[in-house]
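**Student:** For reference, the structure I am asking about is given below.
Read-outs throughout are calculated quantities, based only on the coordinates presented, and are distinct from any laboratory measurement. None of these values were measured; they are calculated from a predicted model. Cβ placement follows ideal geometry from the backbone for every residue including glycine, while neighbour counts extend to all protein chains displayed.
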Amino acid sequence: MAIVRATTKEYRRASSVSKFLTQHDVDFRQWDIDPVEKIVRGKTALSDSEKSEVLSTYSREIEALKRQNHYVTADVVVLSPQTPNLENLLAMFRKEHYHSEDEVRFIIDGSGVFTIRGKDERLFDVEVSPGDMIVVPARTWHWFDLKPDRTIKAVRLFQTTAGWTPIYRDAKPN
Ligand SMILES: [Fe+2]
């Protein structure tokens with residue numbers, strides 16, 4: 001279950017987390033993780049067939065989201081201390097940026113923290129864990145970091161096939 005840490009408050013209950021995030025146009029849902037727990041837990045990598053199994057397990061939810069928000073493709077991303085180039089990747093994720101499309105992540109293993117600049121320009125953290133599905137809307141400033149165990153597995157959805165393209169805040173006059 002996600003934890004939201006805002007300037008003066010922390011939210012842990014699903015209803016309060018959803019309510020807070022909705023106020024900032026961040027879509028948050030929880031999907032049942034049980035069907036894939038055995039496939040993903042404790043592994044530092046997933047085979048192509050394991051990734052396909054994950055995607056087909058959630059095909060109904062994924063198709064519904066695709067129809068709703070015009071996503072065209074989905075994949076499974078796995079990061080672990082064994083991931084080549086992990087530190088360089090994290091350095092890119094940690095710089096404040098936005099995307100021209102939504103950033104959609106359904107966490108199936110591990111955890112991480114999105115820091116999002118809310119509509120009031122204040123920052124808040126969303127610590128995501130297995131079962132959390134989050135949509136950081138297009139053109140919303142944010143960054144992301146892993147927890148000290150440096151482990152996450154997530155389903156991603158995309159509105160274009162261009163993939164993960166960040167626009168960095170320090171690259172734009174503001
Ligand atoms: Fe991002």
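**Student:** Output the pairs from LYS95/LYS153; LYS9/LYS38; LYS51/LYS119 with a Cα-Cα distance over 27 Å in this structure; if there are none, say none.
**Tutor:** As for pairs spanning more than 27 Å Cα to Cα, those are LYS9/LYS38; LYS51/LYS119.
**Student:** I need the shape label for the chain. Rule: rounded when a/c is under 1.5, else prolate if a/b > b/c, else oblate, with a, b, c from the alpha carbon gyration tensor.
**Tutor:** Because its axes are fairly even, with a/c under 1.5, the chain counts as rounded.
**Student:** Which trypsin sites (Lys or Arg not before Pro) does the stretch 34-82 hold that lie in a coil by DSSP with at most 13 other beta carbons within 10 Å?
**Tutor:** Filter output for the stretch 34-82: ARG41.
**Student:** By how many nm would the segment from GLU63 to LEU90 grow when fully extended, if each residue of separation counts as 0.36 nm and the alpha-carbon distance is taken off?
**Tutor:** 6.8 nm
**Student:** Report the residue, chosen from SER80, SER49, SER18, that carries the largest GNM mean-square fluctuation when the chain is represented by alpha-carbon nodes joined by springs under 10 Å.
**Tutor:** Of SER80, SER49, SER18, the Gaussian network model singles out SER49 as fluctuating most.
**Student:** If the chain between ALA138 and ALA6 were fully stretched, how many nm would it gain, using 0.36 nm times the residue separation less the Cα-Cα distance?
**Tutor:** 45.4 nm
**Student:** When the chain is modelled as a GNM with alpha-carbon springs shorter than 10 Å, which of PRO81, PRO137, PRO35 fluctuates the most?
**Tutor:** Of the options given, PRO35 has the highest mean-square fluctuation.
**Student:** Hey, what angle do you get for helix 48-57 against the long axis of the chain, alpha-carbon based, 0 to 90 degrees rounded to 10?
**Tutor:** 70 degrees
**Student:** Using a cut-off of 15 Å between alpha-carbon atoms, which aspartates and glutamates can reach LYS19, once sequence neighbours fewer than 8 places away in the same chain are excluded?
**Tutor:** GLU10, ASP27, ASP125, ASP132
**Student:** Let me ask something else. Ranking request for peptides 107-116, 92-101, 122-131: highest mean number of other beta-carbon atoms within 10 Å first, then the rest in descending order.
**Tutor:** So the peptides 107-116, 92-101, 122-131, ranked by packing, come out 107-116, 122-131, 92-101.
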